[in-house]
């Protein structure tokens, strides 16, 4: 839970502001964009002018959210307050975080990451929350703004994307209660699922087909790899993150990994494991990092030996 | 909503019974088995003896539910009350529904299907409920039984499987509220998802890979087909129902279908469509049936022309 005194200070700071700069982090996801849009609309309903910044490209599957066109890469420019949502450290905001131009004006950080670096003057942080949207939900309630259907939809998009639809172990009864309240306010889970998850490109589906068809299952490890030329032939440059999840859906698989070769010859590794297997040590051993059940690394060439290097690292980690 | 007077009568009937026969329907799913087990445990806590019947094989992915081994194909045999859960008509219970042997003893039907045939003496039916488990939730509360973690897990399994994890349009705020209460009682969404959905066979995954790799996208119709010999080579006899859902996850696809050739030469058709396309007429035209967004049919041989027959039926239905 965040500090209630911090919440009071954030409320006073925002209520006193005429203009509020709100930034979401680079490599944006549904939680940062949804939190940003919901907070902006709530502040607009209180008569504030908002400036929305994101120093990166917004994923196409979030274009259905109201107000998404107002977001653009922007630097702070004399606004009264600067709010940063869902970013665990100051490096994740690109040019949107420029303390020099904010001068003495207050910086508010709203975040839920365990690895949070509290770089704000006011840090509204709850590491027990499954999403930043849940903290923004509390903030909007404390601001006494009635949630419109579009505020509700933006917040629920944040909750659903960060919890994979209430499915992660971080999902609490409070998460579900907020989800219920947002549906009552007019948000639609089927619409969010349809827009966010069921708008994949046909090229992505063909990468999935290729990955499955070329997969190998050895000692409860299910893995696959795709080289850069094949990715190019299939028309995919990025967005293969759903593949490894599909591999781990097989009963016999306790660890799954997927390798994609990049243009410069380096290889992206995505690692996933069942709840009773901690994969983070394998990623660290390979120069990467991440969580217990989801981790990754960037491996040096050559592509041909990459899978064996990962299999060796798994074996070293579990049979020392 | 069901009739509150029916609920009162059901409560009195169950409280007066010493032995209760509870049957789930054939081609069982998580909702019927979860509802059956939750009601049985609640009645056992009230000191009743329960006899659990299911005239079919229980899917392996439900084996994690407590008490599942107590379920077997059984005929009514002198119990005081006979309860049938989640079946829309009397034909869906096989030999578990034998009115002759129940004689004058009361038959209770608990169901949520719109197409419900009220064959019970007492029909506790709510067609607005997204799952039968939600009605059993109300019944257990009315019986004043405290939900144990295993009752909660069985009910939440019913809710999650029938709503695809709160994702269907039938999911109401009441559904989400019950889900929240069940998590508070000790049920685990991650465990249910892991057990029910992430225990696919590697053979199934290879069928998915084959289907995707051989799929075609034409005029917003994404389809694929697999012949009997290939299915045999991949080691799959049944359970290809997840394939068509994956096909429909592509942005350009408004209709998806998947054909699987059976041993006798007939072809199973699975049809799916986006929310704004009603596919049920296509299935009817091909001798099948179903819902607006999910329908199916059994097509006669030959396999080679089956896809074209479906494509023609779609064209006839939408461009008459």
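Laboratory data are not the source of any read-out in this text; all were calculated from the coordinates shown. As the structure is a computational prediction, the values presented were derived from the model and not from experiment. Please note: Cβ atoms are built from the backbone with ideal geometry, for glycine as well, and neighbour counts cover all protein chains shown.
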- Note on the structure: Expressed as a percent, the portion of alpha-carbon pairs in region A:149-218 spaced more than 13 Å apart is 69 percent
- Item | Degrees separating the helix A:306-318 axis from the principal Cα axis of chain A, which is the longest one | 80 degrees
- Task: Pairs of Cα atoms under 8 Å, at least six residues apart: use those to get the relative contact order of region A:148-224, whole percent.
- Result: 29 percent
- Value of [θ]222 nm, deg cm²/dmol, for chain B, DSSP H segments ≥ 4, -39500 (n - 2.57) each, nearest 500: -11500 deg cm²/dmol
- Message: Could you tell me the relative contact order of chain B? Use alpha-carbon pairs under 8 Å, at least six residues apart, and round to a whole percent.
- Response: 12 percent
- How fast does the protein assembly as shown diffuse by Stokes-Einstein, in µm²/s, taking the Kirkwood radius from C-alpha pairs at 25 °C and 0.890 mPa s? 91 µm²/s
- Query: What order, most packed first, do the peptides A:269-280, B:125-136 have when packing is the mean number of other Cβ atoms within 10 Å of each residue?
  - Reply: B:125-136, A:269-280
- Tell me the label-point distance for the pair residue B:319, residue A:292, using the 7 Å Cα-to-Cβ offset, in nm and rounded to one decimal. 5.6 nm
- Message: Compute the angle between helix A:202-213 and the longest alpha-carbon principal axis of chain A, please, reported from 0 to 90 degrees and rounded to the nearest 10.
- Response: 40 degrees
- Can you give the FRET efficiency for residue A:72 and residue A:45, using 1/(1 + (r/R0)^6), R0 = 22 Å, r = Cβ-Cβ distance, to the nearest 0.05? 0.50
- In nm, give the distance between the simple-model label positions of residue A:220 and residue B:141, each being 7 Å from the Cα along the Cα-to-Cβ direction. 4.1 nm
- Task: Largest first and to the nearest Å, give the Cα extent of region B:4-197 along each principal axis.
- Result: 43, 34, 33
- At 7 Å out from Cα toward Cβ: residue B:44 inter-copy label distances (nm, ascending): 5.6
- Query: Where the label is 7 Å out from Cα toward Cβ, how close does residue B:4 come to the same position in every other copy, in nm, shortest first?
  - Reply: 3.7
- Message: Could you work out the pair-distance distribution P(r) of region B:202-318 from its alpha-carbon pairs, with 5 angstrom bin width and percents rounded to whole numbers?
- Response: 2, 13, 25, 26, 20, 11, 3, 0
- Task: Please find the FRET efficiency linking residue B:27 to residue A:16, where r is the Cβ-Cβ separation and R0 is fixed at 45 Å, and quote it to the nearest 0.05.
- Result: 0.10
- Message: At 7 angstrom along the Cα-to-beta-carbon line, where would the label on residue B:66 sit relative to the other copies? Give the distances in nm, shortest first.
- Response: 4.5
- Item | Tilt relative to chain A, helix A:149-163 - C-alpha long axis, 0 to 90 degrees, to 10 | 30 degrees
